[in-house]
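Heads up, the thing below is written out as structure tokens.
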Amino acid sequence: MQNNKSCLGRRTFPLLVLLTATLITSCTPEPKRITPQQVLNSPPAYNYPINNPYAATIIGLPPEMRVDYSAIPAPKDETLTLFKDRPIPEGFWYQDGFKYSQLLQPKAAPVVYVIAGTGADSRSETIRIISNILYASGFSIVLLPSPTHPNFIINASQNYIVGRPAQDAQDLYRVMKIVDRKIAVQATVTGHMLIGYSLGALDAAYTAKLDDEQKSLNFSKVLLINPPLSLYSSMKVLDTMLYRALPDGVNDADYFVKTALSRLSRVDQSSDALDFSNERLLLDAYNQYNPSDSRLATIIGLSFRLAAADMIFTSDVMSHSGYIFPKNQRFTTSTSLNPYLAVALRTSFRNYFDDIYTEKFRAEDRRLTKQALIDESSLQSMAGYISHHPEMGLITNRDDIILAPGELDKLVHLFGKKCDGFS
Amino acid sequence: MQKNVFLVLNSFLFLALAGCEPQPQEGLETPRRHFTDAAERDYANKEFMVYDPAEGLNKHIYKFNAELDTYFLLPVVNAYTYITPEFARTGVSNFFLNVGEVNNFANAVLQVNPEKATTTLVRFILNTTIGGLGTFDVATRMGLERQPEDFGKTLGYWGAGGGAYVVLPVLGPSNIRDTVGKVVDYATLTFLVPSHIQDTTAYDVIAYGLQPINLRYSNNFRYYSSGSPFEYEIVRYIVTQSRTAEIEKLKQH
């Protein structure tokens, strides 16, 4: 026995040395990522590497360019009840209150309210990036979902028919005032600011205008990041994108998605597993397959259509409009949604605008035309306000995919010196 | 013994829930938007749909899993994250992934894939020895990627279809084929671990305490975080299609 052991020992020793040597030489250290403090001390040049705006929208920032935010605490999830006696069907059992997130500085600091984009909530990646860099700069943060997010529709919308910027601003402002009273107890608040991303930026503009009338929060700065110029026009742009690679729309989408998943599963050749947690997956897939612009546009259009389906279905069930879901049907955990999902996926934002939105607001005010409703949800309707309020600024991309031709110039014209554009 | 208790509990749950199959409501008003055209209806019946005959039951189990997550598993995972440093948690994850190499190896052999079997074997040997009983994944750092395989995939490789969609209590979305696969993989592992190890308290603590916590810790999925009222349908579709894509890729080797 003893002999055997020592014999094994002598044989394995060189092997171990060899292995350890290979190990040390082949271990590639994790790439060192830039810290928030480095960004603040010397902001890096804007050198975004993906030139295709569709690919950029899907992929976001390549992993090696991302800032390391691991030292910044995660925002705390909070819940509010805004409408006490509101009946919520059992099928929405998990929507138990309005959900938002906050991250307060231990010292006295201004609070920045951040509004998410279409269908997104306070946990969306873009919102988290904005939140991290603001917190690192010394601000307290409150992150709010988009009024188009199901949780907002169910718990914070006054009448469940969301999307009208002036009305959504009232709902958002109601939430902000309540949250502000709550955080005043927990922290020293030295001022208020407002940021919105994409559709959230449009909401931010209307909320700022409302605040200017009511003067409860007195936003000292308002920043619109990648806003649409006109809500209706951007909805049209995104709707059209779906059809770029799918002439028959959602009817062909099943094959499209299956192909996409099958391609994604082939990106990583080192194993047979499809690992969605791999942060390079989309970037690698893009470099490997070089998908056409129409395919990329369709992916964006599809995800937008899904957000529309969520919004329209939730609004329909809550308002008992009988649009997609039968008016008199109970909505419970076991209700099969297959037939309604099929219809919802074939219902666009513009269908909702024409059928539900226009009817609802025209019933309240017969003088309103469809065109008037379209016009009032454009930043151009606020031109006077924007030019008289130097505290409202704009950051956007010159090739932002949600802008129709000519709209960028109009945005630049509206904001004048208060805008920054990146290409 | 504990395993039997689990099985009994599970079958009770199934029986209890089988009673809540939905009764279609009578006299529903037709909504404004519905399919009038037969072709559209045909598309609607197959696009994004998955064979799910026990949908009502599955939806209740999905809800049960979400509640279990909220009230039990996630609080436990949070406590675990709070009391242990990150390198320890990574070590624990690596340890169980290394134990799982037994299944990866067995399935690579059953899929007649010598290359994958060899990689897995070398990984297991390296990680178990110089990787400190598997707590350090030195093999990946040396360029030997993990080859996750399971008996469900092996069955798929040999031509078995997925069968009906099933949501398993605690374990989540699956189908008939993959459920059989899970049982076989579990049995393989139990069979291969020597009984003098299985009979120790330490083994019980690891297998029934640490392993489930680590399993939940390693998975980033959070129920209803998508906010979509169609989350059940979308998860069902994506899980099924991703599995199909993985098996198709397997067959091409």
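The values are calculated or read from the model by the stated rules, or taken from the named source; none is laboratory data. Every value quoted in this text rests on a predicted model; they were computed, and no experiment measured them. Ideal geometry is used to build each Cβ from the backbone, glycine not excepted, and the neighbour counts take in all protein chains shown.
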For the structure I just gave you, tell me whether A:Asn278 is assigned to a helix (DSSP H, G or I) and more than 29 Å from B:Asn45 (Cβ to Cβ). no
Quick check on my filter: what residues within region B:217-247 are charged (D, E, K, R) and modelled with pLDDT of 90 or more? B:Glu231, B:Glu233, B:Arg236, B:Arg243, B:Glu246
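Confirm whether B:Phe96 is surrounded by fewer than 20 Cβ atoms within 10 Å (Cβ to Cβ) and in a helix (DSSP H, G or I). Don't jump to the end; show me each part of the working.
Values: surrounded by fewer than 20 Cβ atoms within 10 Å (Cβ to Cβ): yes; in a helix (DSSP H, G or I): yes.
Against the criterion (surrounded by fewer than 20 Cβ atoms within 10 Å (Cβ to Cβ) and in a helix (DSSP H, G or I)), B:Phe96 qualifies.
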Residues satisfying the stated conditions in region A:239-249, i.e. under 15 Å from A:Leu296 (Cα atoms) and of a type outside the set (Lys, Arg): A:Asp239, A:Thr240, A:Met241, A:Leu242, A:Tyr243, A:Ala245, A:Leu246, A:Pro247, A:Gly249
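Starting from residues that are at negative phi and small (Gly, Ala, Ser), keep the ones in region A:117-134 and report whichever is surrounded by the fewest Cβ atoms within 10 Å (Cβ to Cβ). Walk me through it before giving the result.
Applying the first criterion (at negative phi) to region A:117-134 yields A:117-118, A:120-134.
Restricting the remaining residues to those that are small (Gly, Ala, Ser) gives A:117, A:120, A:122, A:124, A:131.
Numbers: A:Gly117: 26, A:Ala120: 22, A:Ser122: 25, A:Ser124: 20, A:Ser131: 25.
This residue is A:Ser124.
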Test result for B:Phe64, within 8 Å of another protein chain (Cβ to nearest Cβ) and within 34 Å of the chain's Cα centre (by Cα): no
For residues that are among the small types (Gly, Ala, Ser) and either in contact with a helix residue (DSSP H, G or I) (Cβ under 7 Å, 6 or more places away or on another chain) or part of a loop (DSSP other than H, G, I, E, B) (or both), scanning just region A:39-70, find the one that is farthest from A:Asn226 (Cα to Cα). A:Ser70
Only one of A:Asn278, A:Asn287 is free of Cβ contacts under 8 Å to residues at least 24 places away in the same chain, over 19 Å from the mean Cα position of the chain (by Cα) and within 12 Å of chain B (Cβ to nearest Cβ). Can you tell me which? A:Asn278
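Report, by residue number, each residue of region B:114-128 that is over 11 Å from B:Asn98 (Cβ atoms) and either surrounded by fewer than 21 Cβ atoms within 10 Å (Cβ to Cβ) or in contact with a Gly (Cβ under 6 Å, 6 or more places away or on another chain) (or both).
B:Pro114, B:Glu115, B:Ala117, B:Thr118, B:Leu121, B:Val122, listed by residue number.
Considering B:Gln241, B:Gln147, which residue is in a loop (DSSP other than H, G, I, E, B), of a type outside the set (A, V, I, L, M, F, W, C), on the phi < 0 side of the Ramachandran plot and at the interface with chain A (Cβ under 9 Å from one of its Cβ atoms)?
Values: B:Gln241 fails: in a loop (DSSP other than H, G, I, E, B).
Selected residue: B:Gln147, the only one of B:Gln241, B:Gln147 that is in a loop (DSSP other than H, G, I, E, B), of a type outside the set (A, V, I, L, M, F, W, C), on the phi < 0 side of the Ramachandran plot and at the interface with chain A (Cβ under 9 Å from one of its Cβ atoms).
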Residues in region A:160-170 that are in a helix (DSSP H, G or I) and surrounded by fewer than 20 Cβ atoms within 10 Å (Cβ to Cβ): how many? 3
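Every residue, every condition in (1) in contact with a Phe, Trp or Tyr (Cβ under 9 Å, 6 or more places away or on another chain); (2) in a helix (DSSP H, G or I), yes or no:
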| position | (1), (2) |
| --- | --- |
| B:Ala66 | yes, yes |
| B:Val77 | yes, yes |
| B:Tyr80 | yes, yes |
| B:Asn103 | yes, yes |
| B:Thr119 | no, yes |
| B:Phe124 | yes, yes |
| B:Asn127 | yes, yes |
| B:Leu133 | yes, no |
Which condition number in (1) of a type in the set (Phe, Trp, Tyr); (2) touching a strand residue (DSSP E or B) at 6+ places or on another chain (Cβ under 7 Å); (3) away from chain A (no Cβ under 14 Å) is the one that B:Tyr165 fails? (3)
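Can you tell me how many residues in region A:319-368 are hydroxyl-bearing (Ser, Thr, Tyr) and part of a helix (DSSP H, G or I)?
Within region A:319-368, residues that are hydroxyl-bearing (Ser, Thr, Tyr) and part of a helix (DSSP H, G or I) number 5.
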Going through A:Lys209, A:Lys258 one at a time, which residue ends up being surrounded by fewer than 24 Cβ atoms within 10 Å (Cβ to Cβ), of a type in the set (D, E, K, R) and in contact (Cβ under 8 Å) with a residue 40 or more places away in the chain? A:Lys209
Pull out all pairs, ordered by first then second residue, where Cβ-Cβ is under 8 Å, the residues are six or more apart or on different chains, the first lies in region A:380-393 and is under 17 Å from A:Ile195 (Cβ atoms), and the second is in a helix (DSSP H, G or I) and modelled with pLDDT under 90. A:Pro390/A:Lys418; A:Met392/A:Lys418; A:Gly393/A:Lys418
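Can you confirm whether region A:255-267 contains a residue that is within 17 Å of A:Phe304 (Cβ to Cβ), facing chain B (nearest Cβ under 9 Å) and out of contact with any Pro (no Cβ under 8 Å at 6 or more places or on another chain)?
Initially, region A:255-267 is screened for residues within 17 Å of A:Phe304 (Cβ to Cβ), giving A:256-257, A:260.
Okay, now just the ones that are also facing chain B (nearest Cβ under 9 Å), so A:257.
Within this subset, residues satisfying the condition of being out of contact with any Pro (no Cβ under 8 Å at 6 or more places or on another chain) are A:257.
Scanning region A:255-267 turns up at least one residue that is within 17 Å of A:Phe304 (Cβ to Cβ), facing chain B (nearest Cβ under 9 Å) and out of contact with any Pro (no Cβ under 8 Å at 6 or more places or on another chain).
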Within the group A:Arg305, A:Arg295, A:Arg350, which residue is more than 8 Å from every other protein chain (Cβ to nearest Cβ), crowded, with 21+ Cβ neighbours inside 10 Å and either under 23 Å from the mean Cα position of the chain (by Cα) or not hydrophobic (A, V, I, L, M, F, W, C) (or both)? A:Arg305
